[in-house]
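Worksheet: one structure, shown below.
The values are calculated or read from the model by the stated rules, or taken from the named source; none is laboratory data. Fair warning: this is a prediction, and the values are worked out from it, not measured in the lab. Methodologically, a virtual Cβ is constructed for each residue, glycine included, from the backbone with ideal geometry; neighbour enumeration extends over all protein chains shown. Surface areas here come from the heavy atoms of the whole protein model, side chains and all, with no ligands, DNA or RNA. Shrake-Rupley method; radii C 1.70, N 1.55, O 1.52, S 1.80 Å.
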Amino acid sequence: MDARGEQVLDAPREDGGALLVMEYMEMHSLSKQEAELGQQLARLHLSNLRLLDDEERSESRVGAEKETPKAIRQFGFPVTTCCGYLPLDNAWNDEWLPLFARQRLQSQMEMLEKRHGDREALSLWPQVERALPHLFQGLEVRPSLLHGDLWSGNAAEVEGEGPVVFDPACFYGHHEFDLAISSMFGGLGNKFFAGYHQLVPKEAGFERRHVLYQLFHYLNHWNHFGQSYRTSSLSLMRKVAAMASESKD
């Protein structure tokens, strides 16, 4: 998954401004290269984890070290990114769950309260909050670089070159987060997920966290597009809230 060489150039206009010049690519709907995209996404997710492992090993060795990229040890991103037109709070956090709970779910709930004041959603939110720790028990989450908004409309393929992705909402987070929207709205195909999980196997509790991560995207769509996403959002909130009691059984 190679980054292309976009450039920002001074605009040849008297009134100033700038031009964004990007490479033109003849993109087609993703089909033949789904499995390859899954593997490329897995390698993207694994890249920072391998840097973390390398640094841990090097700390136990004595001697000269070769110049290598530095691993990212926190969750977040150095700049604000957007999922749709709504900005994401990417302030750095040492742990994943506080970032996801406060800077993703809670921020969506605060927008919902201002825009819609939905009583049922607001009453379900404390139950969702209580369920969150149960979904991460025994799980070590380390930061991976995420696309952040990888649904089927943000992926394509170029004949002779391979799959491409675009319109990201990047940050460093739990790798499973990227797969949530990939199965929504028609979703990417089975070959994509099979290719991904060849390199990154599912961990215990994956399916339940998959529902949790989809909840963020449905809330985000509710805030973007209104009441048509209310029913789906509330349904997922109930499912997540019920997971706390399920984990005790």
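With springs only between Cα atoms under 10 Å apart, run a GNM on the chain and tell me which of ALA204, ALA180, ALA155 wobbles the most.
Sorting by GNM fluctuation, first place goes to ALA204.
How do the peptides 37-44, 84-91 rank, highest first, by the average count of neighbouring beta carbon atoms within 10 Å per residue?
On the way: 37-44: 21.4, 84-91: 14.9.
By packing density, highest mean first, the sequence is 37-44, 84-91.
Report the extension gain between LEU49 and GLU159 in nm, rounded to one decimal, defined as 0.36 nm multiplied by the number of residues separating them, less their alpha carbon distance. Intermediate results must be reported in sequence, preceding the final value.
On the way: separation 110, 0.36 × 110 = 39.60 nm, distance 3.08 nm.
Difference between extended and current length: 36.5 nm.
Can you tell me the relative contact order of the stretch 150-189? Whole percent, Cα pairs under 8 Å, sequence separation 6 or more. Provide the component values of the computation, followed by the final result.
Numbers: 35 pairs, mean separation 20.1, N = 40.
Reported as a whole number, the value is 50 percent.
Report, to the nearest whole %, how much of the accessible area of the chain belongs to carbon and sulfur atoms, 1.4 Å probe, protein only. Intermediate results must be reported in sequence, preceding the final value.
Working: 6920 of 13870 Å².
Of all accessible area on the chain, carbon and sulfur atoms account for 50 percent.
Given the chain, report the % of alpha carbon pairs whose separation exceeds 25 Å.
Above the 25 Å cut-off, the chain has 50 percent of its Cα pairs.
In vacuo Debye scattering of the stretch 81-165, one point per C-alpha: log10 I(q)/I(0) at q = 0.12, 0.14, 0.15, 0.27 Å⁻¹?
-0.53, -0.69, -0.77, -1.33
Over the stretch 35-126, give the accessible area per residue in Å² for a 1.4 Å probe, as an integer.
The answer is 60 Å² per residue.
In nanometres, what is the gap between the two model label sites at ALA204 and ARG119, each 7 Å from Cα along Cα-to-Cβ?
4.2 nm
Stretched out fully, how many nm does the piece from ALA101 to ALA242 gain, at 0.36 nm a residue minus the Cα gap?
Between ALA101 and ALA242, full extension yields 49.1 nm more.
With a cut-off of 8 Å between alpha carbons and a minimum separation of six or more residues, what is the relative contact order of the chain in percent?
On the way: 350 pairs, mean separation 64.2, N = 249.
Taking the mean separation of contacting Cα pairs over the length of the chain, I get 26 percent.
At a threshold of 8 angstrom on Cα-Cα distance, excluding pairs fewer than six apart, so keeping six or more, what relative contact order does the stretch 117-191 reach in percent?
32 percent
Please work out the average accessible area per residue across the stretch 193-247, using the 1.4 Å probe convention, and give it in Å².
I get 43 Å² per residue for this part.
Reachable aspartates and glutamates from LYS70, Cα under 17 Å, same-chain residues fewer than 8 places away excluded?
Answer for LYS70, where 17 Å is the Cα cut-off: ASP53, ASP54, GLU55, GLU56, GLU59, ASP94, listed by chain and number.
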